[in-house]
Amino acid sequence: MPEIHSLLLEKRVFKPDAAFAKQANWGPKKVAELRRLAARSPERFWEKMAREHVSWFKPWRRALDWKPPFAKWFVGAHTNVSYNCLDRHVTGENAWRRNKAAIVWEGEPGDSRVLTYGDLHREVQKFANVLEAKGIKKGDRVAIYMPMIPEIAIAMLACTRIGAPHTVVFGGFSADSLRDRILDVGAKLVVTADGGFRRGKPIALKAAVDEALTGAPGVASVVVVRRTGEPVSMREGRDAWWHDLMAEAPASCPPAKLDSEHPLFVLYTSGSTGKPKGILHTTGGYLTHITATTHAIFDLKEDDTFWCTADVGWVTGHSYVVYGPLANGATTVMYEGAPNEPGPDRFWSIIAKYGVSVFYTAPTAIRTFIRWGDEHPNRHDLSSLRLLGSVGEPINPEAWIWYHRVIGKKRCPIVDTWWQTETGGILVSPLPGAVAAKPGSCTLPFPGIEPEVLDAEGRAVKAPQGGFLTLRKPWPGMLRGIWGDPARYKEQYWSRYEKVYFTGDGAHFDKDGYLWVMGRVDDVMNVSGHRIGTMEVESALVSHPAVAEAAVVGRPDDLTGTAIVAFVTPKTGAHANANLREALRGHVAREIGALARPAEVRFTDALPKTRSGKIMRRLLRDVASGRETVQDTTTLEDLSVLARLHAPDEA
């Protein structure tokens with residue numbers, strides 16, 4: 001298997017603003033010092049992060065116990081995530097934060113709430129007592145299936161307070177998917193709501209829980225938050241209303257002193273047809289990783305209002321909506337609904353309303369905003385913004401430039417972050433006061449992280465050729481295994497190369513040591529013997545002024561082995577016709593070479609995406625090849641998109 005060919009040439013560089021660098025949490029001098037420390041000893045670097053960013057009840061005996069592929073971090077230490085997110089902000093020298101906004105929440109219908117650190121501290125302790133009254137003990141698992149309302153964060157933090165590992169299941173998953181996860185993790189209690197709001201309509205959740213539990217007899221209790229007011233069935237002896245239980249619960253519950261390696265949460269990855277894959281994260285290392293990266297990469301200050309638009313059902317919501325911001329004593333924004341309800345300017349109205357200063361969203365969302373038009377952000381005051389971020393998949397250079405120009409008004413640094421559910425927190429990203437940005441590159445590894453790009457035989461490839469993105473050394477936020485299946489953990493992540501973590505992504509380094517992620521290896525296309533990543537062809541397509549978004553896949557071809565098929569969403573006002581189709585094929589050939597010229601261009605009003613915003617290319621491969629889709633579509637945001645894609649392209 002040859003290396004992956006890199007075709008994209010991006011020469012624009014954006015250096016850190018001098019004024020921003022001067023005030024940055026991690027300026028150029030500090031970053032240089034920390035990189036030197038990490039190069040000498042990654043363990044010593046992470047120990048420094050653990051001392052500076054985490055409060056411990058008991059110190060560690062040693063930083064790392066590494067028996068590949070199993071790691072233990074801060075061995076022997078005791079801490080508590082809830083304590084770090086709450087108690088240390090309402091007592092001692094930080095007691096003034098008791099009245100600081102912790103969560104600013106807006107519901108899709110327009111209702112809103114603000115919970116201070118004092119409020120959140122009280123509510124979390126009360127719900128921890130509710131859990132214990134329901135028989136939940138340290139080590140018992142709790143499933144959480146809720147909309148984006150403050151109670152989801154309260155439930156998570158209450159679980160961490162008593163040492164009950166949680167599994168959050170995204171509130172759009174089916175009853176069957178919920179049941180699979182409840183059974184796999186062995187949950188004893190489910191926290192849910194009557195429903196939530198999405199695109200102007202109430203979405204039922206309790207009914208899905210009832211259906212799921214018909215095959216999950218191990219669940220003894222269900223706690224239900226009243227959100228929509230829609231009628232629901234309540235089973236006597238099992239189901240209880242959140243507000244009734246909280247009214248009777250004591251407001252004091254001391255945090256459990258938990259071992260650093262105590263299980264914190266299990267989060268199931270989506271997209272395959274087999275058994276759910278529960279990614280296990282533990283307490284001390286994960287907390288160190290996400291608290292340090294939140295502080296450094298997002299440059300959070302006391303007066304910042306931070307909004308990560310991810311749902312808490314995904315790892316981004318765990319790490320950078322709840323745990324990372326709250327552990328840093330920041331104000332975090334939560335929004336319940338869709339970005340175009342009631343209109344396509346909803347995100348920008350929220351930024352203006354709450355004075356959001358740091359904004360973190362997905363490239364797929366950014367490309368959707370481009371398609372909707374500049375007039376929507378332009379009608380709102382976005383002057384509070386000072387830093388932008390992207391997460392979820394590689395951001396193509398033209399979307400990066402639009403984000404910089406239209407949303408950031410050419411004054412906000414952009415942190416393009418690369419990481420995974422399995423990594424727990426960000427591994428590669430610009431440090432906004434110290435690292436120059438290149439549109440489309442996630443730039444340099446965070447100190448203590450040492451990625452390598454290897455060929456099929458495990459040899460490092462020379463820049464700029466592409467290969468397989470790997471990590472040889474452990475890091476604190478890394479997954480500790482697949483829940484209940486150590487053999488699958490070894491096979492999935494550690495079998496391609498000996499003692500090396502395989503990310504599943506293709507990537508290359510450039511001459512400056514910057515990392516460019518080229519897409520999932522499963523999506524790499526073998527065209528006439530050349531292995532081409534999806535990201536580079538998609539970037540070329542989106543650089544055309546008529547294109548808002550694009551996804552490319554390969555279909556079998558007798559002549560070239562694989563033919564490139566492009567699915568293109570034109571911008572509003574662009575004419576999707578044969579002329580544009582040929583123009584796009586020629587544009588790709590000019591931008592990155594004739595080798596990458598799509599054999600076919602299909603126009604579509606939308607692409608199939610997961611509810612976390614990732615394009616489901618495996619479904620597009622079925623469409624391109626003319627196959628009926630029999631794969632799992634549970635995570636698809638809009639099932640009607642798939643039906644429209646299977647229809648003939650009339651343009």
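We did not get these values from a lab; they are worked out from the coordinates using the rules stated. For clarity, every value in this text was computed on a predicted model and none was experimentally measured. A quick note on method: Cβ atoms are made from the backbone with ideal geometry, for glycine too, and the neighbour counts reach across all protein chains shown.
Structural remarks
- Whole-Hz ³J(HN,Hα) from phi, Karplus 6.51 cos²θ - 1.76 cosθ + 1.60, for segment 16-31, glycine and proline x: x, 5, 4, 5, 5, 4, 5, 9, 5, 4, 10, x, x, 5, 5, 4
- Annotation: amide H-H contacts under 5 Å for residue 331 (H modelled 1.01 Å from N, sequence separation of 5 or more, or interchain): 306.
- Rounded tilt (10° steps) of 284-297 against the dominant C-alpha axis of the chain: 60 degrees
- Kirkwood-based Rg to Rh ratio, segment 444-563, C-alpha trace: 1.02
- Cut-off 11 Å, label 7 Å out along Cα→Cβ of residue 207, residues of segment 222-264 by amide N: 231-233
- With a simple spin-label model that places each label point 7 Å from the Cα along the Cα-to-Cβ direction, the separation between residue 137 and residue 557 comes to 6.3 nm.
- Taking other C-beta atoms within 10 Å as the exposure proxy, 429, 55 rank 55, 429 from fewest upward.
- Axis of helix 175-185 versus longest Cα principal axis of the chain: the two differ by about 60°, to the nearest ten degrees.
- Residues listed by number, segment 345-367, amide nitrogen under 17 Å from residue 384 label point at 7 Å toward C-beta: 345-361
- The chain - convex hull of alpha carbons, volume per residue in Å³: 146 Å³
- Taking all pairs of distinct alpha-carbon atoms in segment 496-552, Kirkwood radius in angstrom: 13.0 Å
- Separation of the residue 111 and residue 495 label points, Cα + 7 Å toward Cβ, nm: 4.9 nm
- Against the chain, whose longest principal axis comes from its Cα atoms, helix 150-162 is set at around 60 degrees.
- Residue order, fewest to most beta carbons within 10 Å, for 475, 242, 66: 66, 242, 475
- Segment 368-387 residues near the modelled residue 338 label - backbone nitrogen below 17 Å, point 7 Å along Cα→Cβ: 368-373
- Classification of segment 535-646 by its C-alpha gyration tensor yields an oblate form. The axis ratio a/c (a ≥ b ≥ c) is 1.5 or more, and b/c is at least a/b.
- Relative contact order (%) - the chain, alpha-carbon pairs under 8 angstrom, separation at least six: 15 percent
- Extension gain for residue 61 to residue 485 (0.36 nm times residue separation, less C-alpha to C-alpha distance): 149.8 nm.
- Dipole of segment 253-374, positive end: most advanced residue of 291, 334, 267 [Cβ charges, Cα centre]: 267
- Of the peptides 392-398, 100-106, the order by per-residue mean of other Cβ atoms within 10 Å, starting with the highest, comes out as 392-398, 100-106.
- Spacing of the modelled spin labels on residue 176 and residue 625, each 7 Å from Cα toward Cβ, amounts to 2.1 nm.
- Here segment 535-646 is treated with +1 on each Lys and Arg Cβ and -1 on each Asp and Glu Cβ, and its dipole about the Cα centre works out to around 80 debye.
- Cβ-derived FRET efficiency at R0 56 Å, residue 456 paired with residue 234, nearest 0.05: 0.50
- Mean residue ellipticity, 222 nm, helices only, the chain: the sum of -39500 (n - 2.57) across DSSP H runs of n ≥ 4, divided by residue count and rounded to 500, is -8000 deg cm²/dmol.
- Placing +1 on each Lys and Arg Cβ and -1 on each Asp and Glu Cβ, with no other charges, gives segment 327-431 a dipole about its Cα centre of roughly 380 debye.
- Potential lengthening between residue 594 and residue 575 on full extension [0.36 nm per residue; Cα-Cα distance subtracted]: 4.4 nm
- About its Cα centre, the chain has a charge dipole of approximately 1700 debye under the convention of +1 per Lys or Arg Cβ and -1 per Asp or Glu Cβ, with nothing else charged.
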